[in-house]
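Notes to accompany the following structure.
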Amino acid sequence: MSWSRAVIVVALLIALQACGFQPLYQRDQAGLSAGNAFEGIRVRPIADRAGQELRNHLYDALTPKGPPVNPAWVLSVTLTESIEKISVEQTSFSTRANLKLNGAYSLMPFGESDDIGHTGSVDVISSYNILDSEYATLIAERDARSRAVAIMSNDMRRQLAIWFNSREP
């Protein structure tokens, strides 16, 4: 029975290789990967507290050794936030809310103001409870915002890695 599982695994690996799949952070023939390109990205300041958190998360995800001295790219991000109250009780009070965060970004070569290398956006929804205590609700909303920002930075990093891997050198 174990040899049949081994045959199935080998067949799946061969099929996966034939479909053109390649790891996202794999180095190419020149030894470059999306991770190498990340080291040259400078993130512009982003407005508001959520923007500061997002910028810090992006720097941690893209350039863990610190901001680049000689950047090759500049990343600009614009955040928009909205709160939608859901789960309304019979007394017309909401008990739950969705915090929606949209991050539109553009990646431009450093020093060239006309050329836009890549643009995209990331949408994240994070829910939280609306409680009787205003302080507890405020903390729940702040936590939902922090979770949404962390997810957004990971999604932006993934989108940028895909773009760097798909573009021609």
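A protection proxy built from the mean count of other Cβ atoms within 10 Å ranks the segments 46-52, 159-165, most packed first, as 159-165, 46-52. Positive end of the charge dipole of segment 28-166 (Lys, Arg +1 and Asp, Glu -1 on Cβ, about the Cα centre): tell me which of 63, 95, 139 has its Cα farthest that way. Sorting the options by dipole projection puts first 63.
Sorted from greatest to least, the principal axis extents spanned by the alpha carbons of segment 120-166 come out as 50, 11, 10 Å.
Relative to the Cα centre, the charge distribution of segment 28-166, modelled as +1 at Lys and Arg Cβ and -1 at Asp and Glu Cβ, gives a dipole magnitude of about 200 debye. In terms of other Cβ atoms within 10 Å, 134, 39, 84 run from fewest to most in the order 134, 84, 39. Once the Cβ-Cβ distance between residue 60 and residue 12 is put in as r, and R0 is 30 Å, what FRET efficiency do you end up with, to the nearest 0.05? The computed FRET efficiency comes out at 0.30. In terms of surrounding Cβ atoms within a 10 Å radius of their Cβ, 38, 93 rank from fewest to most as 93, 38. Length gained on full extension, residue 139 to residue 36: 33.3 nm, using 0.36 nm per residue less the C-alpha separation. Placing R0 at 30 angstrom, the Cβ-Cβ distance between residue 95 and residue 48 gives a FRET efficiency of 0.65 after rounding to 0.05.
Look at the alpha carbon pairs under 8 Å that are at least 6 residues apart: their mean separation over the length of segment 43-169 gives a relative contact order of 23 percent. For residue 70 and residue 102, FRET efficiency with R0 = 35 Å and r from the beta-carbon atoms, rounded to 0.05? Calculated transfer efficiency: 0.65. Rg over Rh for segment 52-169 works out to 1.10, using Cα positions for both radii and the Kirkwood form for Rh.
Bear in mind that the values in this text are calculations on the coordinates, not laboratory data. Please read these numbers as outputs of a predicted model, since none were measured by experiment. Heads up, the Cβs are rebuilt from the backbone with ideal geometry, glycines too, and the neighbour counts pull from every protein chain shown.
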